[in-house]
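A short worksheet on the structure shown next.
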Amino acid sequence: MPRRLSWVLGLVALAAVTPALGADSAPQVARPLAYSPTEPDFFIRHGGQGKVTRLTEAKAVEALAGKDSVEKLIKGVDFARETIVLVSWTTAGPPEGMLQHETSKANGETRIVFFVKAPVGALIRGMRARIAADFFVVPKDAKISFDSRER
């Protein structure tokens, strides 16, 4: 009898999860791009600004990242449906915060908000600052923003 009960409970749990798998509740998220700049001062020039820069074509990526980096960054990006964004952010440490994003979809509109997640349990921070800039691929029609306050 316990075996049959666990089997029935398993089917009930599966039935509850199945509709959620087909639902459009999890919109497409930002996809990070690996980037190693050839210019040693790239992060000094573009990091720590607390903003998002949208790059809608290969020429814009080349102007920002340089001719040597453009092919690596645009590989696999379909500019008809996607765009590249540069997220410029800063944090303090140790321990340092981490860049994260949250995606929501309302009224057919996808919103992606980038923010810095503070380390859990850290009481004293700020002995050094870290500036950074990261590239992401996002849906072309998504509304992109950066929340400058650390969460």
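The values are calculated or read from the model by the stated rules, or taken from the named source; none is laboratory data. The shown structure was predicted, so the numbers you read here are calculated from the model rather than taken from an experiment. Heads up, the Cβs are rebuilt from the backbone with ideal geometry, glycines too, and the neighbour counts pull from every protein chain shown.
When R149 is tested against (1) more than 24 Å from F79 (Cβ to Cβ); (2) assigned to a strand (DSSP E or B); (3) basic (K, R), only condition (2) is not met.
Filter segment 90-141 down to residues that are part of a strand (DSSP E or B) and within 26 Å of R54 (Cα to Cα), then give me how many there are. Before you say what the answer is, go through the steps one by one.
Let us first name the residues in segment 90-141 that are part of a strand (DSSP E or B), namely 90-93, 98-106, 109-117, 128-139.
Remaining after also requiring within 26 Å of R54 (Cα to Cα): 90-92, 98-106, 109-117, 129-139.
Of the residues in that region, 32 qualify.
Within segment 119-132, residues that are over 19 Å from R149 (Cβ atoms) have Cβ atoms under 7 Å from residues that are in a loop (DSSP other than H, G, I, E, B) in these pairs: M127/P94, counting only partners at least 6 apart in sequence or on another chain. Of everything in segment 101-118 that is surrounded by 14 or more Cβ atoms within 10 Å (Cβ to Cβ) and touching a residue at least 40 places away in the same chain (Cβ under 8 Å), the residue that is farthest from A60 (Cα to Cα) is K105. Given E96, E62, E150, E82, which one is touching a residue at least 40 places away in the same chain (Cβ under 8 Å) and either surrounded by 17 or more Cβ atoms within 10 Å (Cβ to Cβ) or under 19 Å from H46 (Cα atoms) (or both)? Checking each option against the conditions leaves just E82. Annotation: S25 fulfils all but one of (1) within 24 Å of V116 (Cβ to Cβ); (2) modelled with pLDDT under 50; (3) surrounded by fewer than 14 Cβ atoms within 10 Å (Cβ to Cβ); the unmet one is (1).
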